[in-house]
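Let me begin by presenting the structure, written as structure tokens, before commenting on it.
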Amino acid sequence: MTNLKPSSKALVPFVSVDHMMKLVHHVGIEEMLRGIADYIETDFKRWELFDKTPRVASHSESGVIELMPTSDGDVYGFKYVNGHPSNTADGLQTVTAFGLLADVASGYPVLLSEMTLLTALRTAATSALVARVLAPENAKVMAMIGNGTQSEFQSLAMKTIVGIEEVRLYDIDPAATAKCAENLAGMGLRVTSCKTAEESMEGAQIITTCTADKQYATILTDNMVGAGVHINAIGGDCPGKTELAPAILNRAEIFVEYPEQTRIEGEIQQMESDHPVTEFWEVLTGAAKGRTDDKQITLFDSVGFAIEDFSALRYVRDQIADTGLFHPLDLLADPDDPRDLFGMLQRAKP
């Protein structure tokens, strides 16, 4: 049998789950959250360069599978991601993901990476970036309603990027709250476990909702939300899945990633199609106002957008360069003559 080793042109860096975990600990989780947030801010400030489209979603009774593509003209990126709330009953993750970057000029992939962990990091980094800009000044307390996979990442990102000192936890499943509290022990936050959502919101300037059920839910009722808070709503992320009472939306100044996607998937799917919203990238560039007074309720209607994944993958690509924390994956055919793919196949015959 001819021994045909793949050439360098055939190899694509692949970041496995094991390598991603090692990268997080190599960089430091708080530093990595800060770094990803910086990359997201940089890309949001050049928002107009990017291809933008609502993600392509395939819905079923059990969940959704989505593709999220974008490009800045030089690099193309996409993420595959699912959301299946009942998976945990079978010992499976609610969300899994992987992503890819490619060179636009040649079409060749330049990075393939796990994104289950990376999505958790980039979602938290995005939330904290937005809260740093929109939350009340000197916000120190966050209510974390929904204590599943995202809760620890959200809490640490808010500590690192916003300066939160206390997180108040609530989940309908006390075991989830206990898990989150245990994981956050010794991480530099005061952690309070609460028995009701109302209790978790006592003294909170930031309210984060992150529940998984695919339904029109009312996690926050209108009377639960007072003036002068920032709501970070990240659980409503597909049609038919919301967390907030519509009355809250009527009282809040709403900030979104990409309106064409958020109106389909976010909290504002409950509102008229012309309900006023502000695109967050415009706040970063100074084209629009953020928080304007202490009494205002600001709401980040977060559904996740492809540019955030693109930023996170860019960050990982830059970080792994000198670490060796990747596999050179034999992903691309590379015949000696680019027009002779069949000949390459035949020469590998045993």
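Nothing in this text is a laboratory measurement; each read-out follows from the coordinates by a stated rule. Because the structure is predicted, anything quoted here is derived from the model rather than measured. For neighbour counting, all protein chains shown are included, and Cβ atoms are generated from backbone atoms with ideal geometry for every residue, glycine included.
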Item to check | Lys/Arg +1, Asp/Glu -1 at C-beta; the chain dipole; positive extreme among Val130, Thr208, Ser86 | outcome: Ser86
Checklist outcome for this item: Sorted largest first, the Cα spans of the range 125-304 on the principal axes come out in Å as 43, 33, 27
Checklist entry - Nearest 0.05, what FRET efficiency do Asp103 and Ala287 give at R0 = 41 Å with Cβ-Cβ as r? => result 0.85
Checklist entry - How large is the helix-only mean residue ellipticity at 222 nm for the chain, computed as the sum of -39500 (n - 2.57) over DSSP H runs with n ≥ 4, divided by its residue count, in deg cm²/dmol to the nearest 500? => result -9000 deg cm²/dmol
Next on the checklist: Please report, ordered by residue number, every helix of the chain (full DSSP H runs) that is 18 Å or longer along its axis going by C-alpha atoms and whose mean Kyte-Doolittle hydropathy reaches -1.0.
Outcome noted: 29-44, 116-134, 306-320
Checklist entry - Out of Leu156, Ser273, Thr292, whose Cα points farthest toward the positive end of the dipole of the chain (charges: +1 Lys, Arg; -1 Asp, Glu; placed on Cβ)? => result Leu156
Checklist entry - Residues with amide H under 5 Å of Ser193's amide H, sequence separation 5 or more or different chain, H placed in the peptide plane at 1.01 Å from N; which? => result Leu169
Item to check | Two-site FRET efficiency, Glu166 against Asp74, from Cβ-Cβ distance with R₀ of 45 Å, rounded to 0.05 | outcome: 0.60
Checklist entry - Near the amide H of Val75, under 5 Å away, which other amide H atoms are found, from residues 5 or more places off or on another chain, if H is placed in the peptide plane? => result Val104
Checklist entry - So which residue, out of Ala120, Ala247, Ala157, gets the largest mean-square fluctuation from a GNM of the chain using Cα contacts under 10 Å as springs? => result Ala247
Checklist entry - Considering the dipole of the chain built from charges on the beta carbon (Lys and Arg +1, Asp and Glu -1) around the Cα centre, which of Cys194, Ala333, Gly226 is farthest to its positive end? => result Ala333
Checklist outcome for this item: For the range 40-133 the GluC sites (Glu not before Pro) that pass both the DSSP coil test and the at-most-11 other-Cβ-within-10 Å test are Glu61
Checklist entry - Where Lys and Arg each count +1 and Asp and Glu each count -1, what net charge lies around Pro6 among other residues with Cβ under 10 Å from its Cβ? => result 0
Checklist entry - Around Ile231, which amide H atoms from residues at least 5 apart in sequence, or from another chain, sit under 5 Å from its own amide H, with H modelled in the peptide plane? => result Ile207, Thr298, Leu299, Phe300
Checklist outcome for this item: One finds, for Leu345 and Gln93 with R0 = 41 angstrom and r their Cβ-Cβ distance, a FRET efficiency to the nearest 0.05 of 0.65
